[in-house]
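Enquirer: Dropping a structure here in structure tokens format, bear with me for questions.
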Amino acid sequence: MEMNRIAACFERLKEQGRQALIPYVTAGDPAPGVTVPLMHAMVDAGADLIELGIPFSDPMADGPTIQLACERALEHNTRLIDVLAMVKTFREKDQQTPVVLMGYLNPIEVLGYTSFAEQAAAAGIDGALIVDLPPEEAEGEFDNAMKANGLDTIYLLAPTTEESRIEQVCNAGSGYLYYVSVKGVTGSASLDVQAVADKLDVVRKYTNLPVGVGFGIKDAESAKAVSEVADGVIVGSVLVNKIASLVEQQEDIPAQVSAIVAELRTAMDA
Amino acid sequence: MPNKADLSAIAQMPDERGHFGPYGGRFVSETLMAALKQLEETYERLWRDPDFQAEFDHDLAHYVGRPSPLYHATHLTKLCGGAQIYLKREDLNHTGAHKVNNTIGQALLAKYTGKPRVIAETGAGQHGVASATVAARLGLECQVYMGAEDVQRQALNVYRMKLLGAEVISVESGTRTLKDAMNEAMRDWVTNVDDTFYIIGTAAGPHPYPKLVRDFQSVIGREARAQCLEQAGRLPDALVACVGGGSNAIGLFHPFIEDGDVRMVGVEAGGYGVETGQHAAPLTAGRPGVLHGNRTYLMEDDAGQIIGTHSVSAGLDYPGVGPEHSYLKDTGRAEYVAINDDEAMDAFRTLTRVEGIMPAIESSHAVAHAMKMAKEMDEDQIIVVNLSGRGDKDIHTVAQLDGIKV
């Protein structure tokens, strides 16, 4: 089978001895027209893979930063089908950068798993990370729909995940694994790099999949530190906070957000 | 109506993964999975432990004041002219509602697992008060999340919680009601999972909460069943209870599931009327989806966003419902209807005037529907209504509707 975009991305980075820089933004924040130009600008600034948030009214695992981003996107009624359309537009110019949808299950329930997976694959999406869908609940219909359409399912691992369960989650996931570096919601406390390194040693006993680390990466310094122990650095709240500060100057969002991406890239590659 | 074998299977739910047919489950982020698994193991062990059971029963008897009476409301019955109406007096419990049955149980779980801090979400404030009460008694730190709108309309309960030593955190996000309080409580739990026990107030949320809340609340139905047999010499023809998240209803219904001749009627909040869209009646007018850790009927828009609810009663103002109710609806074992704000307020006034019992506005929804049902039934038939809470907390709301400042 032809290697998919996510696997190809991590393979290429591995050959170069580099780590993936994975920015997260909420689709439609602060307005639908901003998202696609922002995605291109982040890629130009050194992003390797984009996690694109599906707006949801009740993002329980997220902090106030992402909750407010969802509220801004929902003011313009950004639906899941609109998010899919944004990725389709993005693909007109960029066929290489993987795009992973991140969000909550309920909007997907409304489309139906099979319809979602078919439409997502057709739009050029590569995988999905559904925060409130652990492997136990994904087993069966959701997994089958994703696999049948060549989409990866990315799962979370947490500091509280016990070793026996790490193995189970590693076996269920594909594409990469997302290690949540702190107990808490997005945008909360700073991470402890040594604790992350210790946990990733355990994770790597059970998988050859790349492991990205997110939550608590706030600046160039923490991005650099995480890149020394992980395969990917996931950064969200810092970028979304910048977007929030530019709601009145939306034309500046792609340049100013990608400037942060470039700064992180430089630090990681140094 | 399902046959006898089906009824037995329905009563055995949930399965080992917390599913009630297609409903329930454990739809949470990874950080909480270990805590939920630990809670499940602890609960399954302790629920079968005679020492735990004895302590729970002792607290219900001597601290809560159980059994609560089953009261034959002869004046209300006469007024309606039909079936005999009996009230299960959960309003007489310590703290004034059924909520304390569950918080006693969960606080014991917190004690047995050694967690020094408890958190809770609350709508009307009854669950918050019941949580603050048991926390005070066991010396646990307690923080209660409450939507900013509910903080306004339930000021009395907010103050009660503060007097009990709890900190009330006003939630400004989203619709500023119960669902947002639950989001914030989940966020707190994710952050402080090592030392914190989350006392969920209704029979919803991720497995094992719907099951354990039901088990703690089932004392209502067990007592009512025995009391009805003793007083009337037979089982009731119908049970009626209000449904927000649905803990008082499932507590009354569950011990009767295999009594196929007993109708079970859950009463949702019809708000300004189901046809207006301004209500809190997911079983009546919603559809299945996933929120707050379980699959269940929800109020959502075409794109799967949770929509705002309206009810005069803060305790019913929630866009979801416990997963077991979704299952009882689909299997046909229980039926669900909606009662509007106005009908509930009329029932509040009627019960107050003819029986001298002032019901919570939540419970008034059940009273209103029971009054309708009674008129259509014979005098030798029996309806048991769960009077889940007392109305003292609602005096401000009632006075405001009357244009009176108290």
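Enquirer: Which of A:TYR176, A:ILE81, A:LEU68 sits farthest toward the positive end of the charge dipole of chain A, with +1 on the Cβ of Lys and Arg and -1 on the Cβ of Asp and Glu?
Expert: Final value for the positive-end residue is A:TYR176.
Enquirer: So, one more: With the full set of protein chains in place, find how many percent of the accessible area of chain A is carbon and sulfur; take the probe as 1.4 Å.
Expert: Reported share for carbon and sulfur atoms: 49 percent.
Enquirer: Below 8 Å, C-alpha to C-alpha, sequence gap of six or more: please give me the relative contact order for the range A:102-153 in percent.
Expert: Relative contact order comes out at 49 percent.
Enquirer: Please give the residues from the range A:146-172 for which the solvent-accessible area of heavy atoms, probe 1.4 Å, is smaller by at least 20 Å² with all protein chains in place than with the chain isolated.
Expert: A:LEU156, A:ALA158, A:THR160, A:GLU162, A:ARG165
Enquirer: Right, here's the next one. Could you provide, to the nearest whole Å², the per residue accessible area of chain B with probe 1.4 Å?
Expert: The answer is 34 Å² per residue.
Enquirer: Given the -39500 (n - 2.57) contribution per DSSP H run of 4+ residues, what per-residue ellipticity at 222 nm results for chain A, rounded to the nearest 500 deg cm²/dmol?
Expert: Calculated mean residue ellipticity at 222 nm is -15000 deg cm²/dmol.
Enquirer: On to the next question. With a 1.4 Å probe and every protein chain left in place, work out the accessible area per residue of chain A in Å², rounded to a whole number.
Expert: Solvent-accessible surface per residue comes out at 37 Å².
Enquirer: Could you grab the relative contact order for the range A:5-264? Cα pairs under 8 Å, six or more apart, rounded to a whole percent.
Expert: 23
Enquirer: So, one more: Considering the alpha-carbon set of the protein assembly as shown alone, what are its Rg and its Dmax in angstrom?
Expert: 26.1, 86
Enquirer: With point charges of +1 on the Cβ of Lys and Arg and -1 on the Cβ of Asp and Glu, referenced to the Cα centre of the protein assembly as shown, which listed residue (B:VAL193, A:VAL43, B:HIS75) lies farthest in the positive direction of the dipole?
Expert: Positive-end residue among those listed: B:HIS75.
Enquirer: Also, I was wondering about something else. Hey, what do the phi angles of the range B:283-300 turn into as Karplus ³J(HN,Hα) couplings, whole Hz, using 6.51/-1.76/1.60 and θ = phi - 60°, x for Gly and Pro?
Expert: 6, 7, 9, x, 8, x, x, 10, 8, 6, x, 9, 8, 6, 5, 9, 9, 9
Enquirer: Within a 10 angstrom radius of each residue's Cβ in B:172-180, how many Cβ atoms of other chains show up on average? Whole number is fine.
Expert: The shielding value for this peptide is 2.
Enquirer: Using Cα centres only, tell me the gap between the range B:335-360 and the range A:58-87 in whole Å.
Expert: 40
Enquirer: Let me ask something else. For the pair A and B, how large is the buried accessible area, both sides, in square angstrom to the nearest 100, if the probe is 1.4 Å?
Expert: Looking at A and B, the buried total is near 2900 Å².
Enquirer: Using unit Cβ charges (K, R positive; D, E negative) and no other charged atoms, how large, in debye to the nearest 20, is the dipole of chain B about its Cα centre?
Expert: 560
Enquirer: Two decimals is fine: what's Rg over Rh for the range A:5-264, C-alpha atoms, Kirkwood radius as Rh?
Expert: 0.93
Enquirer: Another question about this same structure. Can you spot the lysines whose alpha carbon is less than 20 Å from A:LYS183's alpha carbon? Ignore those fewer than 8 places along the same chain.
Expert: A:LYS199, A:LYS218, B:LYS37, B:LYS115
Enquirer: Evaluate the distance, in nm, between pseudo-label points positioned 7 Å from the Cα of A:GLN256 and of B:GLN38 along their respective Cα→Cβ axes.
Expert: Label-label distance for A:GLN256 and B:GLN38, simple model: 4.2 nm.
Enquirer: Can you pull the percent of chain B's accessible area that's carbon plus sulfur, 1.4 Å probe, other chains left in place?
Expert: Ligands and nucleic acids excluded, carbon and sulfur give 49 percent.
Enquirer: Still on this structure, I have one more. Check cross-link reach from B:LYS405 to the lysines: straight Cα distance under 28 Å, and skip same-chain residues fewer than eight apart.
Expert: Within reach: B:LYS162, B:LYS393.
Enquirer: What list of ³J(HN,Hα) couplings, whole Hz, do you get for the range B:336-345 from phi and the Karplus terms 6.51, -1.76, 1.60, once you set θ to phi - 60° and write x for glycine and proline?
Expert: 3J(HN,Hα) across the range B:336-345, in whole Hz: 10, 10, 10, 10, 6, 3, 4, 5, 5, 5.
Enquirer: Could you calculate the contour length gain from A:ARG12 to A:GLU167, that is, 0.36 nm times the residue separation minus the distance between their Cα atoms, to one decimal place in nm?
Expert: Between A:ARG12 and A:GLU167, full extension yields 53.2 nm more.
Enquirer: Using a 1.4 Å probe on protein heavy atoms, which residues of the range A:175-210 have at least 20 Å² less accessible area in the complex than alone?
Expert: Correct list: A:LYS183, A:GLY184, A:VAL185.
Enquirer: Next up: Within straight cross-link reach of A:LYS205, meaning Cα distance under 17 Å, which aspartates and glutamates are found once same-chain residues fewer than 8 apart are removed?
Expert: Partners found: A:GLU162, A:GLU163, A:GLU167, A:ASP231.
Enquirer: Can you tell me the length gained on complete extension of the stretch B:LYS4 to B:ASP49, counting 0.36 nm per residue apart and subtracting the Cα distance?
Expert: 13.2 nm is the gain from fully extending B:LYS4 to B:ASP49.
Enquirer: For the range A:116-213, calculate the relative contact order in percent as a whole number, restricting contacts to Cα pairs under 8 Å that are 6 or more residues apart.
Expert: 26
Enquirer: Could you sort the residues of the range A:29-65 by number and keep only those whose accessible area is reduced by 50 Å² or more in the all-protein-chain setting relative to the chain alone, 1.4 Å probe?
Expert: Going by heavy-atom accessible area, the residues of the range A:29-65 that drop by at least 50 Å² are A:ASP58, A:MET60.
Enquirer: Normalised by the empirical 2.2 N^0.38 Å for globular proteins, what value does the Cα Rg of the range B:316-372 take?
Expert: It is 1.30.
Enquirer: What percent of all Cα-Cα pairs in the range B:284-333 falls into each 5 Å bin, going from 0 up to the bin containing the maximum distance?
Expert: 5, 20, 29, 25, 16, 5, 0
Enquirer: List the residues whose amide H sits under 5 Å from the amide H of A:LEU21, counting only those 5 or more places along or on another chain, with H placed 1.01 Å from N in the peptide plane.
Expert: Residues meeting the amide H criterion: A:ASP48, A:LEU49, A:VAL233.
Enquirer: Oh, and also: Using only the alpha carbons of the range A:11-114, determine the length spanned along each of the three principal axes and report them from longest to shortest in whole angstroms.
Expert: Taking max minus min along each principal axis of the Cα atoms, the range A:11-114 gives 40, 29, 29 Å.
Enquirer: To continue, here is another question. Let me have the 222 nm mean residue ellipticity of chain B computed from DSSP H runs of 4+ only, each contributing -39500 (n - 2.57), with the sum over all residues rounded to the nearest 500.
Expert: Counting only the DSSP helices, I get -13000 deg cm²/dmol.
Enquirer: Hey, got the dipole for the protein assembly as shown? About the Cα centre, +1 on K and R Cβ, -1 on D and E Cβ, debye to the nearest 20?
Expert: Taking the Cα centre of the protein assembly as shown as origin, the dipole is about 1080 debye.
Enquirer: Next question, about the same structure. Please list, ordered by chain and number, the residues whose modelled amide H lies under 5 Å from the amide H of B:MET264; skip anything fewer than 5 residues away on the same chain.
Expert: Here B:LEU239, B:GLU335 satisfy the definition.
The values are calculated or read from the model by the stated rules, or taken from the named source; none is laboratory data. Here the structure is a predicted model, which is why all the values come from computation and not from measurement. No Cβ is skipped: glycine too gets one built from the backbone with ideal geometry, and neighbour counts run over all protein chains shown. SASA here: full protein model, heavy atoms, side chains in, ligands and nucleic acids out. Shrake-Rupley method; radii C 1.70, N 1.55, O 1.52, S 1.80 Å.
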